[in-house]
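Presented below is the structure to which this report refers.
Nothing in this text is a laboratory measurement; each read-out follows from the coordinates by a stated rule. Everything numeric in this text was worked out from a predicted model, so none of it was measured. Don't worry about glycine lacking a Cβ; one is built from the backbone with ideal geometry, like all the others, and counts go over all protein chains shown.
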Amino acid sequence: MNAVGLASTREILFTARQFSAHEAYEMGLVNRVVSKIELSAHVQSYAETIAANAPLTITAVKRITHELGKERGARDLSLCDALVADATPAKTTGRAAAPSWKSVGRSSAAGENHPGA
């Protein structure tokens with residue numbers, strides 16, 4: 001029910017019918033719809049994108065999203081904080097991350113084109 005809401009849950013359970021990919025997308029059951037022709041390439045690309053991330057970070061994200069899916073009073077936010085602290089680039093990959101602004105256009109004026117400057 002959390003994923004699709006009460007109305008869609010009732011429709012799914014009361015009708016017991018199969019829904020098209022487009023209907024499943026509209027309800028929030030799936031994140032995206034691709035054609036059969038694109039499916040294999042999309043799945044491969046998606047898996048490679050996930051696999052390119054640090055395993056400890058992926059594990060932390062899984063656990064954090066699991067906690068955040070719980071009722072407010074049942075969430076272990078201190079666990080979430082600890083997982084975030086342990087998922088720093090230096091701990092998950094052995095090296096610090098490059099600042100995100102490094103890819104932003106450069107200018108000869110100091111601070112120009114840098115976020116927050």
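The table below gives the values:
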{"item": "Phi-based couplings in Hz for segment 41-46 (Karplus 6.51, -1.76, 1.60; Gly and Pro marked x)", "result": "5, 5, 4, 4, 5, 5"}
{"item": "Rg(Cα) / (2.2 N^0.38 Å) computed for segment 53-93, rounded to two decimals", "result": "1.18"}
{"item": "9 Å beta-carbon shell around Leu83, net charge (K/R +1, D/E -1)", "result": "-2"}
{"item": "Under Karplus coefficients 6.51, -1.76 and 1.60, residue-wise ³J(HN,Hα) of segment 55-65 in Hz, glycine/proline x", "result": "x, 5, 5, 4, 4, 4, 4, 4, 5, 5, 5"}
{"item": "Reference-scaled alpha-carbon Rg (2.2 N^0.38 Å with N residues) for segment 1-52", "result": "1.41"}
{"item": "Sites matching chymotrypsin sites (Phe, Trp or Tyr not before Pro) across segment 1-51 that sit in DSSP coil, with at most 16 neighbouring C-beta atoms within 10 Å", "result": "Phe19"}
